[in-house]
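To start, the structure itself, in structure tokens.
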Amino acid sequence: MSEQSEQGERPRSRGARLAFFLVLIGGFALFTVGSAALFTGGSALSTWLSGSPPPAPVPTRAADVNNIYVGSAYPTGSSVGCSAPDFSTDLSSAGSINEALDAALLAVDSDLDVIIICDGGYTYLQDITGYNDAYNITIRADEGADVTLDGDGDYRLLHFNAPVRDITISGITFQNGSAFLGGAIYVDGAASITVTDNIFSGNSATEYGGAIVARNVDPLTVTNSTFRGNTAPAGGAIFVDGGSLIVTSSTFTGNNASGGGAIWARNVDPLIVTSSTFTGNNASSGGAILVVADPLTATSSTFTDSTFTDNSAAWGGAIMVGGTSLTLTDNTFRSNRATVYGGAIFADVVDGEVAGRANQFVGNSAPSGGGADVALDSDTSFLALGQWRRLGAQSVVIIRN
């Protein structure tokens, strides 16, 4: 890895050198004229006074951070690192981001290393190589940069396997990624993955997780990110198997799947969704979110201060939950649709366990007898009807097989 100096020296004028020389004769220690810079030490001073170019500045970098720059050089208005990236797409075959990112990941040799992608749009020529070294990994866009990773409809964009530890990804647009599992990002067995300030658009998978698959990751944390137009049979945007999932201040729009138009969470404990928006997602089960758990797996799902609008499914226009305890607080369910049961929610919760308060159910729909707001599984007791109505649902039915 090359190191980049954060500041360079500016050339000195003849007048500035003369002024400095006169000050030295007068006995002063330091003085500047105009934009002159100072040098101390005999050899540097004598070289400067002789009119020779000053010595090159010694590159400096914070002792506890090792920035690894990747991408195309953009000297105007860029950080120093991106004026000459450590792994340049300008020099790799056909500008391949694959080669540059693979090389940058191989160069990681510390938990403090940070891979910084320089401004630009980068189209993949092949799948990214799976990374499985036991380091923390941070990948982010350069400050102020607009970075897009594009899978060209054929390739996955990032891939991590155990024993990789904590992964942090921020400030990047992931688009047109495609794979069997996790069109944009696939993670299996990492300690955690944090996804912040990213956009996932038009990614697809032929099986699970159009944008992201996380398996046995505890937790997958998604914050202030946007998912739009992603598709997969299971989990149009995100598929999580095991571990936990925390979604905060994020937006899911127009994602599609057979199960879980935006999110499919399987055996996830806990699932926590806060201050997020789900609009126009579609699936057969769980138009926006599908939550399922094995009979012997204790899980909980909590939705707070989130909005579900115009989502649609056969079962559970917005949410379908099965085998989990459920807490709903201060959410809005508006104009969601089911063609069979549960215009907003279809629920098969553990022992009918549901809690929360102050939700709004407005204009949701299902066929007659299908529960415009909520449909409950046949094993649910009639006491649950009162619980759901206290949560804000008006049209609640228990489905009797």
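The values are calculated or read from the model by the stated rules, or taken from the named source; none is laboratory data. The structure presented is a predicted model; accordingly, all values stated were derived computationally and were not measured. Every residue, glycine as well, gets a Cβ built from its backbone with ideal geometry; the counts of neighbours run over all protein chains shown.
For this structure, a couple of remarks:
- Hey, PHE239 touching a Phe, Trp or Tyr at 6+ places or on another chain (Cβ under 7 Å) and within 22 Å of TYR131 (Cα to Cα) or not: yes
- Those residues of region 86-95 which are of a type outside the set (Asp, Glu) and at pLDDT 85 or above, in sequence order: PHE87, SER88, THR89
- From VAL362, VAL349, VAL374, VAL354, residue being modelled with pLDDT under 80 and within 32 Å of the chain's Cα centre (by Cα): VAL349
- Test: residue in region 276-296 that is part of a strand (DSSP E or B) and over 24 Å from the mean Cα position of the chain (by Cα): yes
- Checklist (1) buried (at least 19 other Cβ atoms within 10 Å of the Cβ); (2) farther than 28 Å from PRO367 by Cβ; (3) within 19 Å of the chain's Cα centre (by Cα) applied to THR251, failing item: (1)
- Residues that are over 19 Å from VAL240 (Cβ atoms) and aromatic (Phe, Trp, Tyr), drawn from region 283-320: TRP315
- Taking every residue in region 311-322 that is over 8 Å from ALA344 (Cα atoms) and pairing it with any residue that is acidic (Asp, Glu) and modelled with pLDDT under 95, at least 6 positions away or on another chain, the pairs with Cβ-Cβ distances below 9 Å are MET320/ASP348; VAL321/ASP348; GLY322/ASP348; GLY322/ASP377.
- Among residues of region 159-180 that are without any contact (Cβ under 8 Å) to a residue 60 or more places away in the chain and closer than 18 Å to ALA191 by Cβ, those with a beta-carbon under 9 Å from a residue that is acidic (Asp, Glu) and part of a strand (DSSP E or B) at least six positions away or on a different chain give the pairs HIS159/ASP188; PHE160/ASP188; ASN161/ASP188; ALA162/ASP188.
- Among the residues of region 179-211, the ones that are in contact with a Ser or Thr (Cβ under 6 Å, 6 or more places away or on another chain), surrounded by 24 or more Cβ atoms within 10 Å (Cβ to Cβ) and either part of a strand (DSSP E or B) or of a type in the set (A, V, I, L, M) (or both) come to 1 in all.
- Test: residue in region 109-118 that is at pLDDT 90 or above and hydroxyl-bearing (Ser, Thr, Tyr): no
- Taken over region 113-146, the residue count meeting the criterion of being over 20 Å from VAL187 (Cα atoms) and assigned to a loop (DSSP other than H, G, I, E, B) is 8.
- Residues that are surrounded by 22 or more Cβ atoms within 10 Å (Cβ to Cβ) and in a strand (DSSP E or B) within region 300-311 comprise SER301, PHE303, PHE308, listed in sequence order.
- Yes/no for ASP127 being modelled with pLDDT of 90 or more, among the acidic types (Asp, Glu) and on the phi < 0 side of the Ramachandran plot: no
- Count of region 159-178 residues, restricted to those that are farther than 21 Å from TRP264 by Cβ and not in a strand (DSSP E or B), is 6.
- For first residues located in region 265-278 and surrounded by fewer than 24 Cβ atoms within 10 Å (Cβ to Cβ), partners that are of a type in the set (A, V, I, L, M) and in a loop (DSSP other than H, G, I, E, B) and lie 6+ apart or on another chain with Cβ distances below 7 Å form the pairs ASN267/ALA293; ASP269/ALA298.
- Per the listing PHE174, PHE180, PHE200, the residue uniquely more than 20 Å from TYR122 (Cβ to Cβ), modelled with pLDDT of 95 or more and of a type in the set (Phe, Trp, Tyr) is PHE180.
- Residues being outside any loop (DSSP other than H, G, I, E, B) and surrounded by fewer than 22 Cβ atoms within 10 Å (Cβ to Cβ) - total across region 148-158: 2
- Just one residue in the set ASN331, ASN401 is modelled with pLDDT of 95 or more and out of contact with any His (no Cβ under 7 Å at 6 or more places or on another chain); that residue is ASN331.
- Flag: GLY323 matches the condition of being modelled with pLDDT under 95, of a type outside the set (A, V, I, L, M, F, W, C) and on the phi > 0 side of the Ramachandran plot.
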